[in-house]
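Visitor: Next up is a structure, given as C-alpha cells.
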Amino acid sequence: MKNPTYLSLSRHHIYYFRYPVNDSQGLNTVYIKLSLGTRNSKEALYLSKVLEYHGCIMTQNIQNQHLSHAEIVSMLKGYFAEVLGRAKKRIDQDGPLPAENVYRIERELDKIRDAINTNRDEIHGNLFMDDDDIPKELSIKETLGKIQGRFDLILDEGGKEYSILLEEYKYALRNYFDALLSYNLEVRNYSFGEFRRDIRGHKVKELAKPEYKLSVIVEKYLADMERTGTWGIRATEERVSCLNYLIEFLGEGYDFLRIDGDAARKVKEALMGTPTNRSKLKETKDLPLHEQIKVCAELELSKLSNGSINKYLQVYSSFCTWSVQNKYIKENPFASMGLKDSKKNKREAFSKDEIALMLSEIDKKDKG
C-alpha cells in the first residue's frame, strides 16, 4: 500500500523515508531510501514532510532537463552571445586583436571544422593519441559543464539532450569565432559612408575636425551676428554667457556636426539642475560646471527658474537655426524644447512708489 507520507518502518522499528524518482528518460521508477534515525512516529512524519518538499523540487528540476533541439540551440545562442559581447567590448576598448591571437583563433577554427566534418565529439582529439589523453581543460565536457551551470541544468551524459548539446556546441563555437574575427576586421573598416558602431549599437565617438569644434562654430556665429548688427551690447553679453555654458557643458572640442536630440536633452537636464548665481555662491564659484550641478543637488541649492532655462534654450535654438541655414547640421535639436513658465505674461504688482506716483498725479497732475 502506498504511504502518502513516504514513510516505511523497518523490522527494528526505525522509520525510513522512501521517495520515487523517474530516470532521465522517464521510463523507469527508482526509489531513494533514507533512514530518519527515529522510532517516534510524530518526528518521522515531520521529517518526511520536509524531505517530501525538497524531493518534489528536485524531481521537478530533473523533469525540466528534458529539452528540445530548439531549446538547446537557443541556450547555446544565449551563452555565446554573452561571450561575444564581452569580447567585442574588449576590442572597442583596447583595439583590434593582436596578430598572434588572430592566428590562434584561425587554427582553432580549422580544428572545429575538422571535428564537424569527421563527426568527432572532441575538437582537440587529432592532437592526442586518443580522446582519453585530452587534458581536462581542453575537453568539451569541461566547457559543456560550464554552459549547463550557466542555465542551472544537469543533463545525463548518456541521454539524448546531452548528445544534442555535444553536437551543436561545435557549430555554435565555429560561428562564435567567425563572428569575432569579422568584428575584429570591422574595427579597421575605414569606409567613409557610415559610422562604425560599438557592441551596444551606439555610434563610436569620432574626433572633431578643427573647423567643426563647437567653440569654433560659436565664434563664427557671434562674428556673423556682430557683422549684421543684430544685437545690442547687453543682448550680446547675455547670448555669449549662454553659449559659454553650452561650451563648458559639452566641451569646446565637441564635434558640433554630431549634435542631436540626445545631446540637447542632456543640456536641458543640466540647466534644470544648475544653481542660481553659480559663479558667486561660495559653495560653487570655484567648481567646474558638472561639479556645481552635483553640489546643487546634494545641498539642495536654489536652481535656475523656468524662465531663465527658456532663455538659454532659446539662444541655443537660434544658434542651431543659424547652423542649419549655414549647412553645418540638418536640423535644430533645440527647437520647441522650452519649459512651461507660469510667470510668463503675468502682470507684476505695482510697487509702493509707483502707486504713490499715480495717486499724486491724479491729485496734483504736476508730472505731466
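The values are calculated or read from the model by the stated rules, or taken from the named source; none is laboratory data. Small disclaimer: the values here were computed from a predicted structure and weren't measured. Cβ sites come from the backbone with ideal geometry, for glycine too, and all protein chains shown count toward neighbours.
Visitor: So which pairs qualify, if the first residue must be in region 152-181 and touching a residue at least 24 places away in the same chain (Cβ under 8 Å), the second must be aromatic (F, W, Y), the Cβ gap must be under 9 Å, and the two must be at least 6 apart or on different chains?
Guide: L155/Y162; D156/Y162; A172/Y79; A172/F80; L173/F80; N175/F80; Y176/F80; A179/F80
Visitor: Now a separate question. Of all helices (runs of 4 or more DSSP H) completely enclosed by region 215-333, which ones contain at least 1 residues that are surrounded by 14 or more Cβ atoms within 10 Å (Cβ to Cβ) and among the acidic types (D, E)?
Guide: 233-250
Quick grid of which residues meet (1) over 30 Å from P210 (Cα atoms); (2) out of contact with any Gly (no Cβ under 8 Å at 6 or more places or on another chain):
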site: N244; (1), (2): no, yes
site: T284; (1), (2): yes, yes
site: K303; (1), (2): yes, no
site: F350; (1), (2): yes, yes
site: D353; (1), (2): yes, yes
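Visitor: Modelled with pLDDT under 90, assigned to a helix (DSSP H, G or I) and either in contact with a Phe, Trp or Tyr (Cβ under 8 Å, 6 or more places away or on another chain) or basic (K, R) (or both), is that true of L185?
Guide: no
Visitor: Specify the residue that is surrounded by the most Cβ atoms within 10 Å (Cβ to Cβ); the eligible residues are those in region 345-368 that are modelled with pLDDT of 75 or more and in a loop (DSSP other than H, G, I, E, B).
Guide: Filtering first and then ranking leaves F350.
Visitor: With the requirement that a residue be in contact (Cβ under 8 Å) with a residue 60 or more places away in the chain and in contact with a helix residue (DSSP H, G or I) (Cβ under 8 Å, 6 or more places away or on another chain), what does region 233-266 give you?
Guide: Correct list: E238, R239, C242, L243, Y245, L246, F256, L257, I259, A263, A264.
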